[in-house]
Amino acid sequence: MIGRVICAAALALSSALSAQADPHPDAQRVLAIGGSVTEIIYALGQQDRLIARDTTSSYPSEAQELPDVGYMRALSSEGVLSVKPDLILSEEGAGPPETIAVLKEAGVPFETIPSGTDAEGLAAKIEAVAEALGVPEAAASPVKALRADLDHLAEATGDEGQPKRVMFILSLQGGRVMASGQGTEADAIIRLAGAENAVQGVEGYKPLTDEAITSAAPEIVLMMKRGPEDSGHAAATEALMAIPAMAATPAAESGAVIRMDGLYLLGFGPRTGQAALELHDAIYGGA
């Protein structure tokens, strides 16, 4: 497909287009805020410089042994400064803003890594972290691995015929379905996997009316896996499908519900090509 060729070409050009970050080669006490930033630091082989992470940084498992300074959107300046970082690398969206302002006023170097959900953006994200750590050459290997994963994904997608309609459900709130429209990480991963977001004409995550669910008519429901598979997931699925509007959808009729680890699915880090391929295979019945 033309779009996939363009995507691959953009990745090849990403080195020239990657975001600039001030290099900090001497920083030895690095705090990572955001699961994808932590993953990238490990992929670069720079994990020995990590001294703490935020709650979203759950992969690899060794990262969970590091001190946790809290959820990236609800940080406290006291908690962050207590680990005495000499460099903070953060995904976009960390907050609240007043905390970030205090951290910057405290004189700790704070580098914001740009988000990215396409091939160009993902490569640029890896390169920005490497640049900030003062090891730009270390980005070559993980970017090459990312390119290989996306090439494999491109080979697997594009021959499915009519794309299947997938609804990503973030949560149930008071019996209302909170689903993803356009402009979200969920929308991006669905499209990468060769499927179509069933929720059109909506931006961001929004609660859906019964009429919107009926109109969306998803063939697949996609949700995050929260911890190991257990009866809790079955109960949540049962509660979802008990909603009359959901019960009438093709996804409910066929029992087509996919659950994947949230960071793996929506983190948009080095494993994104693998996650999109796994999602593609789950949607279309691949190996």
Starting from the amide H of ASP261, placed 1.01 Å from N in the peptide plane, find each other amide H under 5 Å away whose residue is 5 or more places distant or on another chain.
LYS225
quick note, segment 165-284, DSSP beta bridge pairs, % antiparallel (nearest 5) is 40
Ordering ARG176, ARG53 by the accessible surface of their heavy atoms, 1.4 Å probe, largest first, yields ARG176, ARG53
Residues listed by number, segment 252-276, amide nitrogen under 20 Å from GLU238 label point at 7 Å toward C-beta
252-259
Taking a label point 7 Å from the Cα of GLN182 along the Cα→Cβ vector, which residues of segment 150-169 have an amide N closer than 20 Å to it?
163-169
Integer Hz, Karplus 6.51/-1.76/1.60 couplings in order for segment 207-219, x for Gly and Pro
x, 9, 6, 4, 5, 5, 5, 4, 5, 5, 6, x, 8
With a 1.4 Å probe and all protein chains left in place, how much accessible area per residue does the chain have, in Å²?
45
Enumerate the whole-percent occupancy of each 5 Å bin, from 0 to the last occupied one, for all C-alpha pair distances of segment 16-138.
2, 12, 25, 26, 21, 11, 3, 0
Measuring from the longest principal axis of the C-alpha atoms of the chain, the long axis of helix 2-12 (C-alpha) lies at a number of degrees, nearest 10, equal to 10
Please report the accessible area of ASP281 (heavy atoms, 1.4 Å probe, ligands and nucleic acids excluded) in Å², nearest 10.
40
In segment 155-228, which GluC sites (Glu not before Pro) fall in coil by DSSP and have 16 or fewer other Cβ atoms within 10 Å?
GLU160
In degrees between 0 and 90, to the nearest 10, how far off the longest principal axis of the chain does helix 140-156 point, with axes built from Cα atoms?
10
Once ligands and nucleic acids are excluded and a 1.4 Å probe is used, how much of ILE258 is accessible, expressed in Å² to the nearest 10?
20
If you fit an axis through the alpha-carbon atoms of helix 119-132 and take the longest principal axis of the Cα set of the chain, what angle between them do you get, 0 to 90°, nearest 10?
20
On the accessible surface of the chain, probed at 1.4 Å, how many percent belong to carbon and sulfur atoms?
54
Check the straight Cα-Cα distances from LYS144 and name the lysines below 22 Å, setting aside those fewer than 8 residues away within the same chain.
LYS125
Of all GluC sites (Glu not before Pro) in segment 75-131, the ones in DSSP coil with at most 13 other Cβ atoms within 10 Å are GLU92
What list of ³J(HN,Hα) couplings, whole Hz, do you get for segment 40-55 from phi and the Karplus terms 6.51, -1.76, 1.60, once you set θ to phi - 60° and write x for glycine and proline?
5, 4, 5, 5, 7, x, 10, 5, 5, 8, 6, 10, 6, 8, 9, 4
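Any chance you could list the semi-axes, whole Å, largest first, of the equivalent ellipsoid that the Cα gyration tensor gives for the chain, using √(5λ)?
34, 23, 16
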On the formula 1/(1 + (r/R0)^6), with r taken between the Cβ atoms of GLU92 and GLN28 and R0 of 22 Å, the FRET efficiency rounded to 0.05 is 0.35
Quick one: what are the phi-derived ³J(HN,Hα) couplings along segment 244-255, Karplus 6.51/-1.76/1.60 with θ = phi - 60°, whole Hz, x for glycine and proline?
x, 5, 6, 4, 8, 7, x, 4, 5, 5, 9, x
Put a dot 7 Å past each Cα toward the Cβ at SER171 and ALA247; how far apart are the dots in nm?
2.5
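The values are calculated or read from the model by the stated rules, or taken from the named source; none is laboratory data. Computed from a prediction, not measured in an experiment: that's the story for all the values here. Positions of Cβ are backbone-derived with ideal geometry, glycine not excepted, and every protein chain shown enters the neighbour counts. SASA here: full protein model, heavy atoms, side chains in, ligands and nucleic acids out. Shrake-Rupley method; radii C 1.70, N 1.55, O 1.52, S 1.80 Å.
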